[in-house]
1. Kindly provide the chymotrypsin sites (Phe, Trp or Tyr not before Pro) of the chain that DSSP labels as loop, not H, G, I, E or B, and whose Cβ sees at most 12 other Cβ atoms within 10 Å.
2. Counting only protein heavy atoms, what percent of the accessible surface of the chain is carbon or sulfur at a 1.4 Å probe?
3. Counting other Cβ atoms within 10 Å of each Cβ, which trypsin sites (Lys or Arg not before Pro) in the chain have at most 15 and sit in a DSSP loop?
4. Multiply the residue gap between Val42 and Thr24 by 0.36 nm, knock off their C-alpha separation, and tell me the result in nm, one decimal place.
5. To the nearest 20 Debye, how big is the dipole of the chain about its Cα centre, given +1 on the beta carbon of each Lys and Arg and -1 on that of each Asp and Glu?
6. Given the rule -39500 (n - 2.57) for each run of at least 4 DSSP H residues, summed and divided by the residues of the chain, what is its mean residue ellipticity at 222 nm, to the nearest 500 deg cm²/dmol?
7. Report the relative contact order of the chain, percent, no decimals, based on alpha-carbon pairs under 8 angstrom and at least 6 residues apart.
8. If a/c stays under 1.5 just call it rounded; otherwise compare a/b with b/c (prolate if a/b is bigger, oblate if not). Do that for the chain, with a ≥ b ≥ c from the square roots of the Cα gyration tensor eigenvalues.
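The values are calculated or read from the model by the stated rules, or taken from the named source; none is laboratory data. Not measured: the values here are computed from a predicted model. Every residue, glycine as well, gets a Cβ built from its backbone with ideal geometry; the counts of neighbours run over all protein chains shown. These area figures cover heavy atoms from the full protein model, side chains too; ligands, DNA and RNA do not enter into them. Shrake-Rupley method; radii C 1.70, N 1.55, O 1.52, S 1.80 Å.
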Amino acid sequence: MEGKWLIADRDLNEREGLKWLLKTSSIPVTTILSASHYQEFVVWFEQEKPDVV
């Protein structure tokens with residue numbers, strides 16, 4: 001699904017690995033958002049309305 005993706009994980013390596021996977025795959029992604037804790041996740045989720053979480 002093309003659109004905004006929100007990655008939420010406490011582990012930086014996991015977040016960066018998923019970002020890399022999305023960027024290098026054939027999955028059509030327009031924006032990749034990343035959250036490292038709950039408050040950041042809620043802000044991104046409410047402001048950006050991601051297509052995939």
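1. Working: sites: Trp5, Trp20, Tyr38, Phe41, Trp44, Phe45; in loops: none.
Taking the chain and a limit of 12 other Cβ atoms within 10 Å, no loop chymotrypsin sites (Phe, Trp or Tyr not before Pro) are found.
2. Values: 2140 of 3920 Å².
Carbon and sulfur: 55 percent of the exposed surface of the chain.
3. Working: sites: Lys4, Arg10, Arg15, Lys19, Lys23; in loops: Arg10.
Qualifying residues, ordered by number: Arg10.
4. Numbers: separation 18, 0.36 × 18 = 6.48 nm, distance 2.68 nm.
Here the answer is 3.8 nm.
5. Numbers: 6 positive and 9 negative charges, 23 e Å.
Computed about the Cα centre, the dipole is about 120 debye.
6. On the way: 2 runs with 24 residues, N = 53.
After summing the helix terms and dividing by residue count, I get -14000 deg cm²/dmol.
7. Values: 76 pairs, mean separation 28.9, N = 53.
Relative CO of the chain lands at 54 percent.
8. Details: a/c = 3.23, a/b = 1.21, b/c = 2.68.
Oblate.
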